[in-house]
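Throughout, read-outs are computed from the coordinates displayed, never taken from laboratory work. Just so we're clear, the structure is a prediction, and the values are computed from it rather than from any experiment. Please note: Cβ atoms are built from the backbone with ideal geometry, for glycine as well, and neighbour counts cover all protein chains shown.
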Amino acid sequence: MIALNLIYATYAIWLREVKVFFREKERVVSAIVTPLLWILIFGAGLGSSVKINGIDYQRFIFPGIVGMAVLFGSIFYGLYVIWDRKLDFLKEVLVAPVPRSAVFIGKMLGGASDVLLQIAILLAIGVALGMTTTMSAILSFAVCILLSFCIVSLGLIIGANMKSPEGFNLIMSFVLWPMFMLSGALFPVENLPAYLAVLIPLNPLSYGVDLLRYVMLGGRTAFGVATDLMSLGLFSIVFAAAGIYSFEKMKM
Amino acid sequence: MSAIEIVKLKKYFGKIAAVNGISLKIEEGEIFAILGPNGAGKTTTIFMLCGLLQPDEGTATVAGFDVTREPFKVRQKIGVVFQSPSVDDLLTGRENLEMHAMLYGMPLDQIGKRIDTMLRLVGLEERQHSQVREYSGGMRRRLEIARGLLHHPKVLFLDEPTIGLDPQTRQHIWNYIRRLSEKEKVTIVFTTHYLEEAERFADRVAIIDKGKIIAVGQPKRLIESLGGDTAFFKTAQPEKVASKMKKMNGILNVKVIGDQIKATVKNPQKQLPIIFRRFRSIKSVALQPATLNDLFMKYTGKQIREEEGEGGYHERIMRSQRE
Ligand SMILES: Nc1ncnc2c1ncn2[C@@H]1O[C@H](COP(=O)(O)OP(=O)(O)OP(=O)(O)O)[C@@H](O)[C@H]1O
Ligand SMILES: [Mg+2]
């Protein structure tokens, strides 16, 4: 009975997140337009002239763009918790007889749903433009499920601990861009100088991008499929635990 | 059993004691007002009773459960309408209620019917499928009140339910609250800084200032305890009249202010004619019926601010809207 109530509560929170996402047109639009721009800029601009490991840059970059879409979508979603708090909507959820873990999981699943919807669209475009195949797209989607759980949890940790939207730029400079640059999304990580290369295994996105690239382009992986999967799984569990803890500590 | 029992409750923010040792008993079925000026500690008290803030000292039980040890059980028994808007304005009115019902684990087969009933009671049936951002301030408030009562709570907390609404809408909201309280058999605790709301709608009121209770009781009794209404007499010989007045029974706090005498007159309908007959020099009198404000003045030396504080509901709606 109690377990059932937990599922309802989680479902209620998830449903709200998804509805709100669809009703904020700017969020949907920017979520789809941003990766498209990246495809255009990097793909069309550099694609014809540059080759990496014998692959057209256009094809090389596509897994990176998918990873980027997961990263940005997830972190922005997490920061949205601040708005909930400003809206005082969060109080309604926090005063309900629902454990914070259910609130967190509902929000995490809601965020992952938002992100995965964008990813589905992006992958469909990729298939249509011949940047990847249908089979690869399906496998990539599966990878993105795990990756989005991981990064949305990270976003929620940040959102729950941030007091106001003013810290936003700091998060951009110190979390978002480094995670993006040091993930291998834009260029192979093998070419990085050593002092930056040490950061790569600490970045969950590295494993996600590695897996996506393997699934889409074949060939060798930087860490190995098993390591990628296990690392992502481990990061997800750690982030989820820290996220639940942050939600429990969250002040009005 | 009391619906709420508060013993020496304290909450500090840094060095400020926002709530500074409040003790209170609220009985089942009461409509209880917490009246106080901005910053008195009303919201902080409500938050502690809802388990949203941890008390630093003291204890409180709500519906028989301790707020620190059994916050989960407390939450199942209470409904809350927060001071600032807490409905999601991108959801429709009905969706807000549906979400609430699921959060409170209401049986799925009862949710639809219960929501219909509550929407009808607050007069939002026709607008239930509009997004809340299209609602007026009064409509949002009614939706929040319906939501607070949806899951059959034993105690309903209303933190400034009418703040920032125009007088007509305030009256309207109170009609709904009263109707609901009769229908739902629920203990209602509301905070306000509008005197007349406490006087008119509360069975009992606690007046608080700077985190402390100044007085508790039935509004009528509290006003009676002041000993009468305030009268201002105009006379050519204020000093002389005043010194004689001071010796009369049923006249208190006699004070000369310029060419006027200010005094508290018990039972003025009877006393004023007597006073007029006795002091022929009195030219006129202005009578001010006693209010809880006078009580507040008596204990604190200041007024409860009547005008809108900085925390207006509309202002908060504006501030809270997504950019
Ligand atoms: N989160 C907080 N951090 C620091 N101080 C706070 C916090 N919340 C409230 N206070 C302080 O505690 C005191 C009581 O605040 P509270 O909000 O309980 O007053 P209130 O009676 O509800 O006032 P209002 O009529 O303005 O709503 C105030 O001095 C306020 O500044
Ligand atoms: Mg308040």
Quiz item: Could you give me the ³J(HN,Hα) list for the stretch B:279-290, computed from phi with Karplus coefficients 6.51, -1.76, 1.60 and θ = phi - 60°, whole Hz, x at Gly and Pro?
Solution: 10, 5, 6, 5, 8, 7, 9, 10, 10, 10, x, 5
Self-check item: log₁₀ of I(q)/I(0) at q = 0.10, 0.18, 0.20, 0.21 Å⁻¹ - the stretch B:89-219, Debye sum with one point per alpha carbon
Solution: -0.35, -1.01, -1.18, -1.26
Exercise. Can you tell me the alpha carbon radius of gyration of the protein assembly as shown divided by the globular rule-of-thumb value 2.2 N^0.38 Å?
Key: 1.27
Quiz prompt | Nearest 10 degrees, 0 to 90: helix A:100-128 Cα axis against chain A principal axis | solution = 30
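Size of the dipole of the protein assembly as shown about the Cα centre, Lys and Arg at +1 and Asp and Glu at -1 on the beta carbon, nothing else charged, in debye to 20? The partial results should precede the final answer.
Details: 68 positive and 52 negative charges, 560 e Å.
Charge dipole of the protein assembly as shown: 2680 debye, to the nearest 20.
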Quiz item: Can you give the FRET efficiency for B:S2 and B:A236, using 1/(1 + (r/R0)^6), R0 = 45 Å, r = Cβ-Cβ distance, to the nearest 0.05?
Solution: 0.20
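Quote the FRET efficiency, to the nearest 0.05, computed for A:L202 versus B:N267 with a Förster distance R0 of 51 Å and r equal to the Cβ-Cβ distance. Intermediate results must be reported in sequence, preceding the final value.
Numbers: r = 81 Å, r/R0 = 1.59.
The calculated FRET efficiency here is 0.05.
In this model, which of A:K251/B:K8; B:K255/B:K302; B:K234/B:K262; B:K244/B:K270; B:K240/B:K270; A:K251/B:K185 are farther than 21 Å apart at the alpha-carbon?
Values: A:K251/B:K8 23 Å; B:K255/B:K302 18 Å; B:K234/B:K262 9 Å; B:K244/B:K270 18 Å; B:K240/B:K270 23 Å; A:K251/B:K185 32 Å.
Beyond 21 Å: A:K251/B:K8; B:K240/B:K270; A:K251/B:K185.
What are the semi-axes of the equivalent ellipsoid for chain B, taken as the square roots of 5 times the Cα gyration tensor eigenvalues, largest first, in whole Å? Can you show the working numbers first?
Values: eigenvalues 378, 98, 61 Å².
Gyration-tensor ellipsoid for chain B: 43, 22, 18 Å.
Shape verdict for the stretch B:82-129, please, from the Cα gyration tensor: rounded (a/c under 1.5), prolate (a/b greater than b/c) or oblate.
Details: a/c = 1.75, a/b = 1.17, b/c = 1.49.
Cα axes put the stretch B:82-129 in the oblate bin.
With the radius of gyration and the Kirkwood radius both derived from the Cα set of chain A, what is their ratio Rg to Rh? Write out the running numbers ahead of the final one.
Numbers: Rg = 18.4 Å, Rh = 18.7 Å.
Looking at chain A, the ratio lands at 0.98.
Which entries of A:K19/B:K183; B:K73/B:K154; A:K25/A:K86 have Cα-Cα distances beyond 22 Å here?
Working: A:K19/B:K183 33 Å; B:K73/B:K154 12 Å; A:K25/A:K86 20 Å.
As for pairs spanning more than 22 Å Cα to Cα, those are A:K19/B:K183.
Can you compute the charge dipole magnitude of chain B about its Cα centre, using +1 on each Lys and Arg Cβ and -1 on each Asp and Glu Cβ, nothing else charged? Give it in debye, rounded to the nearest 20. Intermediate values should be presented prior to the final figure.
On the way: 51 positive and 39 negative charges, 368 e Å.
So the magnitude is around 1760 debye.
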Practice problem: Shielding by partners for B:86-98, please: the mean number of other protein chain Cβ atoms within 10 Å of each residue's Cβ. | Solution: 4
Quiz item: Mind checking the angle between helix A:204-217 and chain A's longest principal axis? C-alpha axes, 0 to 90 degrees, to the nearest 10.
Solution: 50
Self-check item: Sequence-distant residues sharing a close amide H with B:Q83 (under 5 Å, placed H)
Solution: B:D159
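Sorted by packing (mean other beta-carbon atoms within 10 Å per residue), highest first, where do B:141-154, A:65-78, A:167-180 land? Can you show the working numbers first?
Numbers: B:141-154: 23.0, A:65-78: 25.9, A:167-180: 14.7.
The peptides rank, most packed first, as A:65-78, B:141-154, A:167-180.
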Self-check item: Partner aspartates and glutamates for B:K246 [C-alpha distance under 18 Å; skip if fewer than 8 residues away on the same chain]
Solution: B:D229, B:D259
Exercise. Can you bin the stretch A:37-146 into rounded, prolate or oblate? Criterion: square roots of the alpha carbon gyration tensor eigenvalues sorted a ≥ b ≥ c, rounded for a/c under 1.5, prolate for a/b above b/c, oblate for the rest.
Key: prolate
